[in-house]
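Peer 1: Here you go, one structure.
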Amino acid sequence: MTVYATPYEGVGGRLRVELEDFLVEEVLDDIVFKHISKQPIKPGSHALYALNKRGLDTLHAVKILEKIVGARVNYLGIKDAKAITTQYITIPAEAERDQVKLPAEIMLKKLGYLPYPLSRSHLVGNAFQIRIRDVERRENLLQLVERIAEKGVPNYFGYQRFGSRRPVTHLVGRALVKRRFDEAVDLLLTYTTESEMEDIQEARRILGEDYLKADLKDLPHTLDLEYRVLRSLKAHPSNYVKAIKSIPLRVRRLFVNAYQSYIFNRTLSAAIEEGVDLSSIQPSDLFAEVMGVKVLEPRKAEGKIIDSNRVVLLCPLVGYRFRSEDFGRLGMYASKVLAEEDVSPRSFYIDEMPELSVGGDVRAATLLLAELHTEVLKEDLSLKTTLGKGCYVTALLREVMKPQDPVEAGF
């Protein structure tokens, strides 16, 4: 994210001063609720729960639940730790337990049973209630936010996609895509920033000297992925592929997905820098109609300009099936970014770990935003909105706040 889409001065302020300042609730497709029953109606049924968590990220919450029930937990989206979130999960009905002791950060509410597990297709979007504290600019505040929303906010992947305090996820993904597996391991173990806790910075400094000599017992308990990788390397020195495979598949896929996201953000930034209007659909562009915050089937703008607030321009998430000509203007910018990165679409098929390969996808170029409500609360600004799935509310907040230091501002 190298540019802003609007010329307005940001309001400043801070996010996540309290957990209650950042509330997120998933919005499910209505079809799910039509299929709920009070009892399992067939073998293979799944129990549906609302998972409420405080100060805990989704992957760690799911890891705790899977250890308790001894079965796979299906979830829809990854939610931040610095928030209070409500999301939906399913577990196999036969894996349910009568008495479950949960940590204080997790609450479960059983909603019934489904004849199938949840999948990403069941997620419509997320509803947000956000409080920005200590805003610096308060004149015409509500009108400013409305103008920004009307302009069309670039649908950037948010800072947390890459690691707000330690932006390394996409770097590991880049190394994997380029088959530099030793570099991927080195980044995962040793890359640090001043925003990390001092004990973790020190641990990474020691790992940087010679991680094979490091004592596993000395690693801070939060470095669970690093522990797995280091244990594998000690048993099989120089087998970097095996070390990477010691990381859970869900997490490994996040690395490559983060690199896709990085290229997506650079593509949008490059287009905006050259004056491309992301709210317009030009001949040869790929676009889709929008129903609420739901994107319908992609279509090609065959030789005509489309002007409607019910359509959205689509931008590529590059993969091994990517073809520039399929995406019109934004396909050209994506190709330029790939050339600068010295990777090709074929690079995203990783022969050594085909389970991490990605064919590519499409994503709305601007935020899918509905029901934006704003309110001034003394020196704070409150926002309530619903965004389409995969959209980051921090992309909207970044455009509104224009922070000098994103980490200090709570991103």
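The values are calculated or read from the model by the stated rules, or taken from the named source; none is laboratory data. Keep in mind it's a predicted model, so treat the numbers as computed, not measured. All Cβ positions, glycine included, derive from the backbone under ideal geometry; neighbour counts span all protein chains shown.
Peer 1: Has the range 352-371 got at least one residue that is β-branched (Val, Ile, Thr), surrounded by 16 or more Cβ atoms within 10 Å (Cβ to Cβ), over 27 Å from Gly303 (Cβ atoms) and over 18 Å from the mean Cα position of the chain (by Cα)?
Peer 2: There is no residue in the range 352-371 that is β-branched (Val, Ile, Thr), surrounded by 16 or more Cβ atoms within 10 Å (Cβ to Cβ), over 27 Å from Gly303 (Cβ atoms) and over 18 Å from the mean Cα position of the chain (by Cα).
Peer 1: Which of the residues that make up the range 294-308 are closer than 19 Å to Cys391 by Cα and either surrounded by fewer than 19 Cβ atoms within 10 Å (Cβ to Cβ) or at pLDDT below 90 (or both)?
Peer 2: Lys294, Leu296, Glu297, Pro298
Peer 1: Out of the range 140-174, which residues are touching a residue at least 60 places away in the same chain (Cβ under 8 Å), outside any helix (DSSP H, G or I) and out of contact with any Asp or Glu (no Cβ under 7 Å at 6 or more places or on another chain)?
Peer 2: Scanning the range 140-174 gives Gly152, Pro154, Asn155, Tyr156, Phe157, Gly158, Phe162, Ser164.
Peer 1: Here's a follow-up. Quick test for you: out of Ile36, Ile64, pick the one residue that is β-branched (Val, Ile, Thr), touching a strand residue (DSSP E or B) at 6+ places or on another chain (Cβ under 6 Å) and either surrounded by fewer than 21 Cβ atoms within 10 Å (Cβ to Cβ) or outside the structural domain of Cys391 (by TED's automatic domain parsing) (or both).
Peer 2: Within the list Ile36, Ile64, the selection yields Ile36.
Peer 1: Residues of the range 379-401 being over 16 Å from Ile130 (Cβ atoms) and in a loop (DSSP other than H, G, I, E, B), which ones?
Peer 2: Those that are over 16 Å from Ile130 (Cβ atoms) and in a loop (DSSP other than H, G, I, E, B): Lys389, Gly390.
Peer 1: Right, here's the next one. For the range 346-392, which residues satisfy the criterion of being of a type in the set (Ser, Thr, Tyr) and touching a Ser or Thr at 6+ places or on another chain (Cβ under 8 Å)?
Peer 2: Tyr349, Thr366, Thr374, Ser382
Peer 1: Residue by residue through the range 206-265, note down the ones that are surrounded by 14 or more Cβ atoms within 10 Å (Cβ to Cβ), in contact with a Lys or Arg (Cβ under 7 Å, 6 or more places away or on another chain) and in a helix (DSSP H, G or I).
Peer 2: Ser232, Ile244, Ala258, Tyr259, Ser261, Phe264 - these are the residues of the range 206-265 that are surrounded by 14 or more Cβ atoms within 10 Å (Cβ to Cβ), in contact with a Lys or Arg (Cβ under 7 Å, 6 or more places away or on another chain) and in a helix (DSSP H, G or I).
Peer 1: Another one. Return the residue satisfying two criteria in turn: it lies in the range 277-287 and is in contact (Cβ under 8 Å) with a residue 24 or more places away in the chain and surrounded by fewer than 19 Cβ atoms within 10 Å (Cβ to Cβ), and of such residues it is nearest to Asn155 (Cα to Cα).
Peer 2: Across the range 277-287, the extreme among qualifying residues is Ser279.
Peer 1: Considering only the range 272-354, give the strands (runs of 3 or more DSSP E) lying wholly within it that have at least 3 residues that are within 30 Å of Asp30 (Cα to Cα) and not hydrophobic (A, V, I, L, M, F, W, C).
Peer 2: Filter on the range 272-354 gives 294-300.
Peer 1: Sort out which residues of the range 148-197 are farther than 24 Å from Thr267 by Cα, among the charged types (D, E, K, R) and at pLDDT below 95, and write them in order of number.
Peer 2: Of everything in the range 148-197, those that are farther than 24 Å from Thr267 by Cα, among the charged types (D, E, K, R) and at pLDDT below 95 turn out to be Glu194, Glu196.
Peer 1: Would you mind finding the one in Thr374, Thr394 that is closer than 25 Å to Arg252 by Cα, in contact (Cβ under 8 Å) with a residue 40 or more places away in the chain and among the polar types (S, T, N, Q)?
Peer 2: Sole residue among the options that is closer than 25 Å to Arg252 by Cα, in contact (Cβ under 8 Å) with a residue 40 or more places away in the chain and among the polar types (S, T, N, Q): Thr394.
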